[in-house]
1. Restricted to the range 89-106, and to residues that are surrounded by fewer than 23 Cβ atoms within 10 Å (Cβ to Cβ) and of a type in the set (A, V, I, L, M, F, W, C), which residue is farthest from the chain's Cα centre (by Cα)?
2. What are the pairs, 6+ residues apart or on separate chains, where a residue within the range 59-83 that is more than 18 Å from Gly121 (Cα to Cα) has its Cβ under 8 Å from a residue that is part of a helix (DSSP H, G or I)?
3. Which of (1) under 18 Å from the mean Cα position of the chain (by Cα); (2) free of Cβ contacts under 8 Å to residues at least 40 places away in the same chain; (3) open to solvent by 50 Å² or more (accessible area, probe 1.4 Å) is the odd one out, the single condition Ser86 does not satisfy?
4. Which is open to solvent by less than 40 Å² (accessible area, probe 1.4 Å), closer than 24 Å to Ser34 by Cβ and at pLDDT 95 or above, of Phe109, Phe156, Phe120?
5. Would it be correct to say that Arg35 is assigned to a helix (DSSP H, G or I), at pLDDT below 95 and basic (Lys, Arg)?
6. Can you name the residue in the range 161-184 that is crowded, with 16+ Cβ neighbours inside 10 Å and touching an Asp or Glu at 6+ places or on another chain (Cβ under 8 Å) and is also nearest to Leu79 (Cα to Cα) among such residues?
Amino acid sequence: MSAPASHEPAALLAKWWATYTAVDEDDDMLSADSRLAITAPFEQSWPGRAPSREAVMSADQLAAEYAEVFLSDQPQSRLGLVAAASGAEALTTAGWSGPANYDNDTAKFSAIVGDWENRFGARVVAVGFSTLHLSVAAPPTTEEDALLVAAEHFAFCPDNIWQGRRPYTLAAYAERLTGVHNWDFWWD
């Protein structure tokens, strides 16, 4: 496993976007039009990262509040302490392998979560075998910003859209992100 600092989040997201939006007519269960409709309005064109937002509340306080809610909903959860400078770095330090079906180098995912810590006041609240739960102090508030954040989420974890709530589109997913202070990811 590499180190999170050795990865550029914008480059990783762009690379993953290109991979997950590629159309392979010979090996795809969806038609090219159906595949591109999932990521409309961007289709195969990486739109770039969403702009940073000013936090509307303390990121650490919000994380503590979300952790309480998470624990009340998931009482079987256990506390894990990791000697790391941030939650993003803790993912790599602990050897978390949630997205192993997509990439075995957790440091790449840590680099992106670290970028979200800086841009959106995200904090790692919980991890599971194939899940990641973040609190977000500065979520998108406009449709345009939510679409860009949704594009980042698709590049980071395409299963959120491919296997999430219907309809399975970037636009529908973006609607569910506007003003929401927690982001949950699940890799199949």
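The values are calculated or read from the model by the stated rules, or taken from the named source; none is laboratory data. Since we're looking at a predicted model, the values are computed, not measured. When we count neighbours, we look across all protein chains shown, and the Cβ atoms used for this are built from the backbone with ideal geometry, even at glycine. We work out accessible area using only protein heavy atoms, side chains counted, and drop any ligands, DNA or RNA first. Shrake-Rupley method; radii C 1.70, N 1.55, O 1.52, S 1.80 Å.
1. Among those that are surrounded by fewer than 23 Cβ atoms within 10 Å (Cβ to Cβ) and of a type in the set (A, V, I, L, M, F, W, C), it is Ala94.
2. Close Cβ pairs (under 8 Å, with a partner that is part of a helix (DSSP H, G or I)) amount to Ser77/Phe70; Ser77/Leu71; Val82/Ala90; Val82/Thr93; Ala83/Thr93.
3. Exception for Ser86: condition (3).
4. Numbers: Phe109 fails: closer than 24 Å to Ser34 by Cβ; Phe120 fails: closer than 24 Å to Ser34 by Cβ.
That would be Phe156, the only listed residue that is open to solvent by less than 40 Å² (accessible area, probe 1.4 Å), closer than 24 Å to Ser34 by Cβ and at pLDDT 95 or above.
5. Details: assigned to a helix (DSSP H, G or I): yes; at pLDDT below 95: yes; basic (Lys, Arg): yes.
Yes; evaluated as a whole, the condition is true for this residue.
6. Looking at the filtered set, the residue picked out is Thr178.
Residues are listed down the side, and each one gets a yes or a no for (1) among the small types (Gly, Ala, Ser); (2) in a helix (DSSP H, G or I); (3) farther than 26 Å from Tyr168 by Cβ:
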| position | (1), (2), (3) |
| --- | --- |
| Trp17 | no, yes, no |
| Met29 | no, no, no |
| Gln44 | no, no, no |
| Arg49 | no, no, no |
| Ala67 | yes, yes, yes |
| Leu81 | no, no, yes |
| Ala85 | yes, no, yes |
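For (1) modelled with pLDDT under 95; (2) hydrophobic (A, V, I, L, M, F, W, C), each residue gets a yes or a no:
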site: Leu79; (1), (2): yes, yes
site: Gly87; (1), (2): no, no
site: Ala90; (1), (2): no, yes
site: Asp103; (1), (2): yes, no
site: Thr131; (1), (2): no, no
site: Leu148; (1), (2): no, yes
site: Trp162; (1), (2): yes, yes
